[in-house]
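Following: one structure in C-alpha cells, then a few remarks.
The values are calculated or read from the model by the stated rules, or taken from the named source; none is laboratory data. Everything quoted here is computed from the prediction, not taken from an experiment. Cβ atoms come from the backbone with ideal geometry, glycine included; neighbour counts cover every protein chain shown. When the accessible area is computed, the model is the full protein with side chains, heavy atoms only, and any ligands, DNA or RNA have been set aside. Shrake-Rupley method; radii C 1.70, N 1.55, O 1.52, S 1.80 Å.
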Amino acid sequence: FDADDQALLNQTIAYYHETLKQSPEALAYLKARGIGHPEAIERFKIGFSNRTMGCGLPSKKDEVGADIRGRLEKIGLFRETGHEHFAGSLVIPVMDEAGNVREAYARKIRDDLRTGTPTHLYLPGPHKGVWNVAALAESKEIILCEALIDALTFWCAGFRNVTAAYGVEGFTPDHLEAFERYGTERVLIAYDRDDAGDRAAEKLAQKLAGKGIACYRISFPK
C-alpha cells in the first residue's frame with residue numbers, strides 16, 4: 001500500500017481486469033456487444049468492477065485502511081460514500097506508451113438501473129491520454145470513433161488502426177499532440193451518423209485540415 005498514485009491506479013485496473021475474466025455476466029455483455037475478442041481483452045486490459053475490491057482492503061477504521069481508501073477517493077476510484085466509482089461497470093482503461101493508465105471509461109452492463117443512474121462514467125477531471133496510441137505509431141491513416149466501445153468494435157472486426165475521442169466534443173489536446181507526434185496523415189472520422197455527430201465531424205475536420213491532416217467522413221446509414 002505504499003505505491004504512488006499512478007501505481008495504485010494501475011493496480012486497480014489490473015484487479016478489474018482479473019475480475020472480468022472470472023465474471024460470466026461481464027463476459028456475456030462483451031460478447032453481446034461484439035467486443036469479446038480474447039486478444040482485445042488482454043491487449044487493452046478491459047476489466048469489470050464487481051464491488052469486491054473494498055472487501056480486500058483493510059478496514060476504514062484502521063489507519064492503513066483509512067489511508068488507502070482516502071487515496072483511492074482522491075484518484076476517483078472510490079466515492080465519499082466508500083463505494084467504488086465504477087461499481088457494476090465494464091472498465092476500459094486508456095494507457096500511455098509505458099503502460100500507465102491515464103484515463104478510464106466505464107459502462108454499466110445492466111440497463112435495469114434506477115432512474116437517474118449514469119450509464120457512462122469516467123475518472124474525475126479532464127480527459128487524458130489516447131486509447132490504442134500504438135496504432136498511431138503503426139499507421140499513418142487512423143479511424144477516429146466517437147466512443148471507446150465504438151473503437152473496440154472496429155478493432156475486433158479487424159480494423160486495428162483505430163482510436164476514439166471522448167464523445168462528440170471529446171477530441172482533446174492529447175489527441176492532436178499524438179497525431180502530430182506520430183505524423184498522422186489521414187483521419188477517417190467515424191462519429192455517429194446523427195446531427196451531433198455530423199456537426200462535430202465537420203468542426204473537427206476543419207481543425208485537423210489546418211494542421212495539414214487530411215480528413216474523410218465515414219458515412220454510416222442514418
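Please identify the longest segment of the chain free of exposed GluC sites (Glu not before Pro), where exposed means a DSSP state other than H, G, I, E or B and no more than 14 other Cβ atoms within 10 Å.
Values: sites that count: E80, E97, E169, E185.
Longest run free of exposed loop sites: 1-79.
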So what J values fall out for the stretch 126-139 if you push phi through Karplus, 6.51 cos²θ - 1.76 cosθ + 1.60 with θ = phi - 60°, rounded to Hz, Gly and Pro as x? x, 5, 10, x, 10, 5, 6, 4, 4, 4, 5, 6, 9, 9
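Write down the accessible area per residue of the stretch 7-152 in Å², having rolled a 1.4 Å probe over the full set of protein chains.
Numbers: 7150 Å² over 146 residues.
Solvent-accessible surface per residue comes out at 49 Å².
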Report, by chain and number, residues whose modeled amide H sits under 5 Å from the one on E169, excluding near sequence neighbours (fewer than 5 apart, same chain). none
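Give, to the nearest whole percent, the P(r) tail of the chain beyond 22 angstrom, counting all Cα pairs.
Working: 13033 of 24531 pairs.
Tail fraction, whole percent: 53.
Quick check for me: using +1 on Lys/Arg Cβ and -1 on Asp/Glu Cβ, what's the dipole size of the chain about its Cα centre, in debye to the nearest 20?
Numbers: 29 positive and 32 negative charges, 93 e Å.
Roughly 440 debye, rounded to the nearest 20.
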In nm, spacing of pseudo-spin labels at T119 and K211 (7 Å Cα→C-beta vector): 3.0
Determine the gain in length on full extension of the stretch K31-D67; use 0.36 nm per residue of separation and subtract their C-alpha separation, reporting nm with one decimal. 9.2 nm
For the stretch 159-222, state what percent of all Cα-Cα pairs lands in each successive 10 Å bin, counting from 0 Å until the bin that includes the largest distance. 21, 59, 19, 1
Would you mind working out the magnitude of the charge dipole of the stretch 82-194 relative to its Cα centre, with +1 at each Lys and Arg C-beta and -1 at each Asp and Glu C-beta, to the nearest 20 Debye? 240
Kindly report, to the nearest 10 Å², the accessible surface of V168 as traced by a 1.4 Å probe over protein heavy atoms only. 40
3J(HN,Hα) from dihedral phi, the stretch 70-79, Karplus parametrisation 6.51/-1.76/1.60, rounded to Hz, x for glycine, proline: x, 5, 5, 5, 4, 5, x, 7, 10, 9
Gap in Å between the Cα centre of the stretch 162-179 and the Cα centre of the stretch 73-101? 20
What's the carbon and sulfur percent of the stretch 58-123's accessible surface, probe 1.4 angstrom, rounded to a whole number? 46
If you plug each phi of the stretch 146-163 into the Karplus form 6.51 cos²θ - 1.76 cosθ + 1.60 with θ = phi - 60°, what whole-Hz ³J(HN,Hα) values come out, in order, with x for Gly and Pro? 7, 9, 5, 5, 4, 5, 4, 4, 4, 4, 5, 8, x, 8, 7, 8, 9, 9
Going through the cross-link list K74/K203; K21/K222; K128/K203; K21/K140; K128/K222; K108/K128, which pairs have a Cα-Cα distance over 27 Å in this structure? K74/K203; K21/K222; K21/K140; K128/K222
